[in-house]
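Here the structure comes first, spelled out in structure tokens, and everything after it is commentary.
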Amino acid sequence: MRKHIFNAGPCKLPDSTLENTANAVRELGNCGQSIMEVSHRSKDFQAVYDEAVSLFKELLNIPENYSVLFLGGGASTQFCMVPYNFLKKKAAFVNTGTWSTKAIKEAKLFGEAEVIASSEDKGFTFYPKDLQVPADADYLHLTSNNTIRGTEFFEDKSYDVPVICDMSSDIMSRPVDVSKYAMIYGGCQKNVGAAGVTFVIINNDFAKENLADRVIPTMLKYQTHIDKDSMFNTPPCINIFTVKETLKWVKANGGVEGMEKLAKQREEMLYAEIERNSMFKPVVEEGSRSRMNIPFLMADGKEDLMSDFIAFSEKHNICGIKGHRSVGGFRASTYNACSIEDVEALVACMKEYETLKA
Ligand SMILES: *Cc1c(COP(=O)(O)O)cnc(C)c1O
């Protein structure tokens, strides 16, 4: 039986993505070859690629002068590729947890990484607001959703310097004003497909005009991939297929507006239960709460029951709610494909647990 999946990534994907990918592994369309066998230079694969790019552009309403790239290496490679290409002297960072900390570490290999705001002193339980960005920074780096800590921002703002944002775990969960960003990137394995492909949305002028004056290996240069439509080398073909299928599903379910509505509904249902239930308590401050990752703890004095509740949830066909080791407790990841029924199952399980143990 299919479980109620709350994994943080890889995570739940729409049924249609799974079914259509399984079919394409057997045969892509009527081409007599599997998606794993067909040439990436063939018209059959080109059609898959073009549809994935055009759905990305359509769903996020991406302006004309941006490229959408599908690369390997995960978001983690972007942590070094961004400063390799664009850090001349100094970049500004907002430190909101594990992922931004990793991005800062890589940037320091290439220049100065100034942390202009941080929520570290409060255990990363809020998202810093009202940023003061130094005018001499080459760019500002943000992480829109903090997958591990469960904080998120929802407003796309302009700053005096170009903004580059890691949207690995909340892309396609709300409308985004792409024009406010020089670049947006992320691993596809949370909201848009299977692990193994990274999306990059990049302003073409920014990519040309803001290059740092250093030798950059060909594969690590954005311009290489912009010039060749992500086909400089063999792209992750099957993963791009899963992205296309997932974006078709997003479109059929009301686009990013539809996804946002469902995300709000899931978040409200789950937080309402965490607040109400005497066995549990929330971690993140109100006003900073993520719709995609919802961490919670056992209530004070009930800490010993943590592994008992995990086992209880597993008996209820729920998987993936064990918290990240750096936060402890629980984390329900409620990405786009997580259904209202999945959340209802978790809420019912929490209610039943309270009846048994409180
Ligand atoms: C998962 C995640 C990453 C890391 O992605 P990889 O594809 O595993 O390198 C980076 N940033 C955020 C916000 C994430 O959620």
Semi-axis lengths (Å, descending) of the ellipsoid that matches the C-alpha gyration tensor of segment 254-357: 23, 15, 12
Residues in segment 83-100 reached by a label modelled at Thr224 [backbone nitrogen below 14 Å; 7 Å Cα→Cβ]: 84-85
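For segment 20-72, which trypsin sites (Lys or Arg not before Pro) pass both filters: DSSP loop (anything but H, G, I, E, B) and at most 16 other C-beta atoms within 10 Å?
Within segment 20-72, the qualifying trypsin sites (Lys or Arg not before Pro) (loop, at most 16 other Cβ atoms within 10 Å) are Arg41.
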Normalised convex hull volume, segment 15-252, alpha-carbon set, Å³ per residue: 117
For segment 265-287 and segment 182-199, distance of Cα centres in Å: 28
Test item: Cα-centred dipole of the chain, Lys/Arg +1 and Asp/Glu -1 on Cβ, debye: 600
Residue of Pro175, Pro217, Pro128 that the Gaussian network model of the chain assigns the largest fluctuation, springs spanning Cα pairs under 10 Å: Pro217
Within segment 192-287, trypsin sites (Lys or Arg not before Pro) in DSSP loop having at most 14 other beta-carbon neighbours inside 10 Å: Arg214, Lys228
Residue-count net charge about Lys122 - beta-carbon cut-off 12 Å; Lys, Arg +1, Asp, Glu -1: -2
Too-long pairs where the Cα-Cα distance tops 26 Å, listed order kept, from Lys57/Lys221; Lys105/Lys244; Lys43/Lys251; Lys102/Lys129; Lys90/Lys244; Lys208/Lys261: Lys105/Lys244; Lys90/Lys244; Lys208/Lys261
For the chain: accessible area per residue (Å², 1.4 Å): 42
Full-extension gain in nm, Ala47 to Cys31, via 0.36 nm per residue minus C-alpha separation: 4.5 nm
Ile294 long-range amide H proximity, modeled H, under 5 Å: Ala332, Ser333, Thr334
Reachable lysines, given that their alpha-carbon falls under 25 Å from the alpha-carbon of Lys302 and they are not under 8 places away in the same chain: Lys122, Lys281, Lys315, Lys322, Lys351, Lys357
CD proxy at 222 nm, helix term only [per DSSP H run n ≥ 4: -39500 (n - 2.57); per residue of the chain; nearest 500]: -11500 deg cm²/dmol
Percent accessible area from carbon and sulfur atoms, segment 15-252, protein chains only, probe 1.4 Å: 48
Under the Karplus curve 6.51 cos²θ - 1.76 cosθ + 1.60, θ = phi - 60°, whole-Hz ³J(HN,Hα) for segment 290-300, x wherever Gly or Pro sits: 6, 8, 9, 9, 10, x, 8, 10, 5, 5, 4
Gyration tensor verdict on segment 119-265 (Cα atoms; rounded if a/c is under 1.5, prolate if a/b is larger than b/c, oblate otherwise): oblate
Net dipole in debye of segment 112-214 [+1 Lys, Arg Cβ; -1 Asp, Glu Cβ; about Cα centre; nearest 20]: 500
Rel. contact order, % - alpha carbon contacts under 8 angstrom, at least six apart, the chain: 23
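The values are calculated or read from the model by the stated rules, or taken from the named source; none is laboratory data. These figures come from a predicted structure and were not determined experimentally. So basically every Cβ, Gly included, is an ideal-geometry build from the backbone, and we count neighbours across all protein chains shown. These accessible areas exclude ligands, DNA and RNA; they are computed on the full protein's heavy atoms, side chains included. Shrake-Rupley method; radii C 1.70, N 1.55, O 1.52, S 1.80 Å.
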